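> First the structure, which I've put down as structure tokens, then a few questions once you've had a look.
What follows draws every value from the coordinates through simple rules; no lab data is involved. Remember, predicted model here, so these are calculated numbers, not experimental data. Here the Cβ positions follow ideal geometry from the backbone for every residue, glycine too, while neighbour counts run over all protein chains shown.
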Amino acid sequence: MKILLVEDELTLGESIVSFLRNEEYICEWVRNFDTGSEKIFIYEYDCALIDITLPGGSGLDIVKEIKRRNQKTGIIIISAKNSLDDKISGLDLGADDYLTKPFHLSELNSRIKSVLRRRNFEGSKEIIFKNIRIIPDRHEILANGKHVNLTKKEFSLLLFFVSNKNRVVTKESIAEHLWGDDADMIDSFDFIYSHIKNLRKKILDEKGNTFIQSVYGIGYKFSI
Amino acid sequence: MKLLTKTSIYYLVFSLILFLIGGIFFYIQLREILDDEFTENLYKEKELVLQYVTDSSKIPDSSNLIGDKITISQGTQPLNEILKDTLIFDPVEIEFLQYRQLIFPVKSGNNFFVVTISKPLFESEDLIDGVIWWFILISAVMLISLFFLTRLLSKKMWKPFYGTLNLLQNFDITKNDPVSFASVKISEFKIMNDEIRKMTYKIQRDYQSLKEFTENASHEIQTPLAIIRSKIELLIQSESLLPVQLGLLKDVYESSHRLSKLNQSLLLLAKIENRQFPETKNIDVKKLIEEKLDQLEEMIDYKNIIVKKIFTDSSVLKMNTYLADILFSNIIINAIKHSECKGKLSIELNTNSVIVTNSGLPSEIPPEKLFDRFKKGNTSSESTGLGLSIVKQICMTYNFQIQYVYHEGNHKVSIFF
């Protein structure tokens, strides 16, 4: 999977790139408008992460250009401008998603996976690990071939874990993923724990072990 | 009261007073002049009579004298000259008429005569009446025509002022187009328009730079925070970390997270204060509340809160979508947060109010300070203490009334649209 990152902020770019390479994506990173436009002119990408405020121009113009050249590229706008205008115009131009800085890398990961899943019609639409099969389009999950009843939030949580498997995801990123802006108001993470407890109970491996481990109060890790 | 009405009233009152004083003065003056003239005439006639007596050495026959009534009677002794006003019965008019009489002695030979010259005063009264009536008539015509003239002139003169006023009323700070005035010839209005143009330009520019500042500040602060967070997220993936180190990282991470939330909330508050959410849409309150309750279902279930919805009537509010979302989200989440486990939460929706009631322990914050910034019951809690300030700020933006009471174990937040 090839990903283009257009982001002018050095340290944030470095974090994203090292994170994406860890996830075994091929990631190219450019830091201004001109090189960004150049890249999309020459290459095709599966997904592009584009910052709006760039030296030399607006990321929205790059979005426009990508949509004009290659419909198949998934686009996620990343911007610190928490303004509704940018969000609306970005999505109007054909961006698949919009992420406001600061974001959790695990959230970015989950969004990229979701965009790729939606874009990649030829590929498998199912996620399978061990005895569990997830069909995201139908919001369905099968454990040991048996249908498991999950609430919408539990399903979303599971998908988030699966997207970030073998990684520690923080409680904050889980809360934000599930409740968005409302997560700001949550002052106790206890009920996230109760959520995870429920999810754990519902999906166990053949031996009855859980896939989700807590990591020293900082978050949780989904591993197989 | 309109400027024109006020000027007209002032004009009317002052000119009426002026005309009245002028009229009275004129009347008094006229009377005095006529009065003096009369007396003078009487003395002239007296001179004539005396001349006649000296010249002809005889007393004139009273019937010989035309005009004023002169009576001559024989007197016995010399008497002093008398000038007086008196009423004399007129057999023709059958009424008493006012006369001025001059009575004086004449000596012819050894005889004394008393001459009485009576001059009717009603002639002068008629004259005064006539003059006064004309005066009133002319005054009235002048008053009325001047009134309309000044009105017309004022209207014409103040026209640029009203044009400016109209432009100011339609002035929108959030829009970037400058105020454009039609050219005026009156220099005061020209100066006023120039000053207003400069002022509005400055206001718009300040507003713009403030807006840019909030956005830039957000950008500048959020980015380093994002970096801190992402670096920690990368770091915690490391397998070689010791539990102690993870614990330290957790604290750093949580603090940076809180700082980020705080920054976002403060910026949101600033943006609401600056009226930076001008776009409005019709918001169905009932639908929005249902949506919010749906989103917060897990939180409600977790605390085993019993939710009671009393929707008697739904209202449609003209609000910014984002702000409406935050407003209802914040009051509902606040109610959930401060509910005890297995508590009760009721949301009452009427045509012009929303009342959110939840059972819970009384707040440590005095009710009047509840909506202040950074007021929170539990200082160690994760919340920013800005949630209700944001609610209040949104309410202020839309002129909603917000009210909080604690009554019999229930927190009650009411918003009146």
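> Taking every pair of alpha-carbon atoms in the protein assembly as shown, what share in percent sits in each 10 Å bin, from 0 to the bin with the longest distance?
3, 11, 15, 16, 12, 7, 5, 4, 4, 4, 4, 5, 4, 3, 2, 1, 0
> Would you calculate the separation in nanometres between label points at B:Glu290 and A:Glu24, each defined as 7 Å from the Cα along the Cα-to-beta-carbon direction?
The answer from the label model is 4.6 nm.
> Also, I was wondering about something else. Is it possible to state the helix-based mean residue ellipticity at 222 nm for chain A, with each DSSP H run of 4+ residues giving -39500 (n - 2.57), the sum divided by total residues, to the nearest 500 deg cm²/dmol? What is it?
Calculated mean residue ellipticity at 222 nm is -12500 deg cm²/dmol.
> Continuing with the same structure: Among B:271-279, B:25-33, A:171-179, how do they line up by average Cβ neighbours within 10 Å per residue, starting with the highest?
Highest-to-lowest ranking by the protection proxy: A:171-179, B:271-279, B:25-33.
> Per DSSP H run of n ≥ 4, the term is -39500 (n - 2.57); total these for chain B, divide by its residue number, and report the mean residue ellipticity at 222 nm rounded to 500 deg cm²/dmol.
Per the formula, -19500 deg cm²/dmol.
> I would also like to ask the following. Pick out, from B:Met1, B:Ile203, A:Phe19, the residue whose Cα sits farthest towards the positive end of the charge dipole of the protein assembly as shown, with +1 on the Cβ of Lys and Arg and -1 on the Cβ of Asp and Glu.
Farthest along the dipole direction, towards plus: A:Phe19.
> Past the 28 Å Cα-Cα mark, which pairs from B:Lys286/B:Lys342; B:Lys250/B:Lys344; A:Lys152/B:Lys287; B:Lys2/B:Lys271; A:Lys101/A:Lys197; B:Lys318/B:Lys375?
Pairs exceeding 28 Å: B:Lys250/B:Lys344; B:Lys2/B:Lys271; A:Lys101/A:Lys197; B:Lys318/B:Lys375.
> Counting other Cβ atoms within 10 Å of each Cβ, which chymotrypsin sites (Phe, Trp or Tyr not before Pro) in segment A:5-100 have at most 12 and sit in a DSSP loop?
For chymotrypsin sites (Phe, Trp or Tyr not before Pro) across segment A:5-100 that sit outside H, G, I, E and B with at most 12 neighbouring Cβ atoms in 10 Å, the list reads A:Tyr43.
> Hand me the GluC sites (Glu not before Pro) from segment A:1-78 located in a DSSP loop with no more than 16 other Cβ atoms within 10 Å, in residue order please.
In loop regions of segment A:1-78 (DSSP not H, G, I, E or B), the sparsely surrounded GluC sites (Glu not before Pro) are A:Glu24, A:Glu44.
> If you don't mind, another one. Can you compute the charge dipole magnitude of the protein assembly as shown about its Cα centre, using +1 on each Lys and Arg Cβ and -1 on each Asp and Glu Cβ, nothing else charged? Give it in debye, rounded to the nearest 20.
Its charge dipole is roughly 3100 debye.
> Lys and Arg at +1, Asp and Glu at -1: add these up for the other residues within a Cβ distance under 12 Å of B:Lys286 and post the number.
Its environment carries a net charge of -2.
> Then there is this: Take each of the peptides A:110-117, B:144-151, B:347-354, average the number of other beta-carbon atoms within 10 Å over its residues, and list them starting from the highest.
A:110-117, B:347-354, B:144-151
> Hey, got the average number of other protein chain Cβ atoms within 10 angstrom for residues in A:41-47? Working shown, then result.
Values: counts 0, 0, 0, 0, 0, 0, 0.
Going residue by residue through A:41-47 and averaging, the value is 0.
> Here's another thing I want to ask about it. By the scheme Lys and Arg +1, Asp and Glu -1, what is the net charge of all other residues having a beta-carbon under 14 Å from that of B:Ile227?
Taking every Cβ under 14 Å from that of B:Ile227, the sum is -4.
> What are the aspartates and glutamates whose alpha-carbon lies under 17 Å from the alpha-carbon of A:Lys171, with same-chain residues fewer than 8 places away excluded?
Output for A:Lys171: A:Glu107, A:Glu154, A:Asp181, A:Asp182, A:Asp184, A:Asp187, A:Asp190, B:Glu233, B:Asp251, B:Glu254, B:Glu298, B:Glu382.
> Would you please name the GluC sites (Glu not before Pro) within segment B:148-212 that are DSSP coil residues with at most 12 other C-beta atoms within 10 Å of their C-beta? Before the final figure, lay out each step's value.
Values: sites: B:Glu188, B:Glu195, B:Glu212; in loops: none.
Filter output for segment B:148-212: empty list.
> How much net charge surrounds B:Ile332 when only other residues with a Cβ under 10 Å from its Cβ are counted (Lys, Arg +1; Asp, Glu -1)?
Charge balance near B:Ile332 sits at +1.
> Enumerate the amide H contacts of B:Asp90 below 5 Å, restricted to partners 5 or more residues apart or on another chain; note that Pro and chain-start residues carry no placed amide H.
For B:Asp90, the qualifying residues are B:Glu95, B:Phe96, B:Leu97.
> Right, something else. Would you mind computing, in nm to one decimal, how far apart the modelled labels at B:Leu146 and B:Phe25 are, each placed 7 Å from Cα along Cα→Cβ?
Going from the B:Leu146 label point to the B:Phe25 one covers 1.3 nm.
> Students often check this: by mean Cβ neighbours within 10 Å, which of A:131-143, A:156-168, B:81-93 ranks highest, and how do the rest follow?
Details: A:131-143: 15.3, A:156-168: 20.6, B:81-93: 10.4.
Peptide ranking by packing, descending: A:156-168, A:131-143, B:81-93.
> Further, regarding this structure: Scan chain B and note any complete DSSP helix (H) whose C-alpha atoms cover at least 18 Å along its axis and whose Kyte-Doolittle average is -0.5 or more.
Answer set is B:3-56, B:122-169, B:243-273, B:321-337.
> Calculate the mean, over all residues of peptide A:102-114, of how many other protein chain Cβ atoms lie within 10 angstrom of the residue's Cβ. Each step should come with its number before you reach the end.
Numbers: counts 15, 4, 5, 8, 2, 1, 2, 0, 0, 0, 0, 0, 0.
Rounded to a whole number, the mean comes out at 3.
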